[in-house]
Amino acid sequence: MATQGPKRQQGTSPGRRAVLGAAVLGAGVATVGLPGVARAGEKHGHGGYKDLPVPTVIAHRGTSGYRPEHTLGSYQLALDMGAHVIEAGDLVPTKDGHLVCRHENDITATTDVSAHSEFASRKTTKTVDGVAITGWFTEDFTLAELKTLRAKERIPGTRQRNTLYDGRWEIPTFEEVLQWRERQSRKRGRQVWIHVETKHPTYFRKIGLGLEEPLAKLLRRYGLNKKNSPAFLQSFEPSSIQRLNKLVGNPLVVLLSTANSRPWDFVEAGDPRTVADLIKPEGLDWIASYAQGIGPTLDLVIPKKADGSLGTPSTLVKDAHAAGLILHPYTMRNENTFLPTNFKKGTDPNAYGDAFGAFKAYFDTGIDGVFSDNCDTALLAREDFVNG
């Protein structure tokens with residue numbers, strides 16, 4: 001189901017020249033002139049992913065910089081800010097087979113489960129993708145039980161202001177996300193785009209909770225399983241994307257971690273290839289035989305020097321485009337602790353650094369989009385880039 005890569009030039013994508021004026025003030029947000037509302041003459045992706053603005057701003061788990069991630073509140077704020085695509089689901093299953101949206105199946109850090117004495121006995125140690133983890137796991141709870149929990153900020157040491165919203169939202173099911181997307185699309189007069197990830201698919205298939213089939217079933221139910229449907233499907237495991245390629249027509253994206261890592265399905269299958277092999281021209285051609293894009297870590301686009309500053313861009317963008325693939329790398333965040341050293345400001349790791357400078361450096365490589373925890377910053381940086 002591979003398709004020819006988009007033949008677009010940056011800055012020629014359909015009308016996103018609105019004044020953004022989105023500013024984050026402490027734990028609250030004030031927005032002005034939001035581009036999320038449809039205007040006469042704008043195209044909104046009815047022709048598929050090639051109609052999306054380039055570079056595309058993808059809201060990483062919603063607005064993770066301002067709200068607890070993977071909550072309807074986080075998704076809604078990202079859409080209101082004007083993000084082009086909402087990453088609305090790292091999908092993990094419940095004990096009774098429902099798909100829910102969490103960063104991981106380990107919900108210790110993202111919910112208040114530890115405060116629920118009735119679930120104290122559920123705490124356990126599991127090995128997930130070769131790593132021993134102690135905590136509470138979605139696959140040990142029914143959906144009804146998970147719905148008694150509330151989401152909270154995953155990294156409160158870095159994002160103390162986000163803790164204001166702890167307990168405000170529950171864990172959303174993927175079906176609830178699809179219903180939310182449908183309502184927002186009707187309200188805005190355009191299709192709302194989402195990015196959806198299958199999380200640890202080999203692990204879950206081995207315990208009888210395969211992700212791809214129930215995901216495809218839900219997409220079909222909501223009419224989102226076609227070639228031009230506004231839903232990217234992504235995974236760090238190529239075999240999950242290959243399986244989805246046989247089930248649905250959606251645009252598919254292979255996520256790529258560090259160069260020396262191996263996808264877990266490769267480890268399980270004895271495939272010796274690493275990510276470094278997959279980003280070679282022959283590896284990219286192989287990915288393009290069943291997917292439309294890659295989601296590399298930003299370090300694969302511009303490797304860092306020993307001191308943590310940005311080095312020379314790799315050939316990945318050129319090579320991926322030559323294979324007909326788009327690139328949606330991850331993840332830009334505003335805080336110093338996440339930025340390359342040459343874009344840090346001051347000594348407080350939790351303070352904002354020169355995120356605009358970092359965005360420009362990555363946009364200059366020709367990437368087709370970027371995941372960001374702070375989509376308002378990303379949108380302003382994009383406007384600077386496109387209009388510069």
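Numbers below:
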{"read-out": "Pairs beyond 31 Å (Cα-Cα), from Lys50/Lys147; Lys50/Lys217; Lys147/Lys187; Lys147/Lys199; Lys187/Lys318", "value": "Lys50/Lys147; Lys187/Lys318"}
{"read-out": "Amide proton proximity set for Glu69, modelled H, under 5 Å, gap of 5+", "value": "Arg154"}
{"read-out": "Gain on full stretching of the segment that runs from Thr347 to Asp166 - 0.36 nm per residue minus C-alpha separation", "value": "62.4 nm"}
{"read-out": "Portion, in percent, of the accessible area of the range 180-295 that falls on carbon or sulfur, probe 1.4 Å", "value": "52 percent"}
{"read-out": "Calculated from backbone phi, Karplus (6.51, -1.76, 1.60) coupling profile of the range 127-138 in Hz, x at Gly/Pro", "value": "9, 10, 6, x, 10, 7, 10, 10, x, 10, 10, 4"}
{"read-out": "Whole-number percent relative contact order across the range 265-379, with pairs defined as alpha carbons under 8 Å at least 6 apart", "value": "23 percent"}
{"read-out": "For the range 335-384, accessible area per residue (1.4 Å probe, heavy atoms of protein chains only), Å²", "value": "36 Å²"}
{"read-out": "Extension gain from Glu182 to Thr127, taking 0.36 nm per residue of separation minus the Cα-Cα distance", "value": "16.1 nm"}
{"read-out": "Value of relative contact order over the chain, rounded to a whole percent, pairs C-alpha under 8 Å and six or more apart", "value": "18 percent"}
{"read-out": "Share of alpha-carbon pairs per 10 Å distance bin for the chain, given as whole %", "value": "5, 24, 35, 28, 8, 0"}
{"read-out": "Fluctuation leader among Phe119, Phe359, Phe343 - the chain, Gaussian network, Cα springs under 10 angstrom", "value": "Phe119"}
{"read-out": "Compactness index (Cα Rg / 2.2 N^0.38 Å), the range 304-388", "value": "1.11"}
{"read-out": "Listed peptides 270-279, 172-181 by packing density, highest first (mean Cβ within 10 Å)", "value": "172-181, 270-279"}
{"read-out": "Euclidean distance of C-alpha centroids, the range 331-354 and the range 246-308, integer Å", "value": "26 Å"}
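The values are calculated or read from the model by the stated rules, or taken from the named source; none is laboratory data. All of these numbers come straight from a predicted model, not from anything done at the bench. Here Cβ is always computed from backbone atoms with ideal geometry, including for glycine, and neighbour counts include all displayed protein chains. For accessibility, only protein heavy atoms count, side chains too; no ligands or nucleic acids. Shrake-Rupley method; radii C 1.70, N 1.55, O 1.52, S 1.80 Å.
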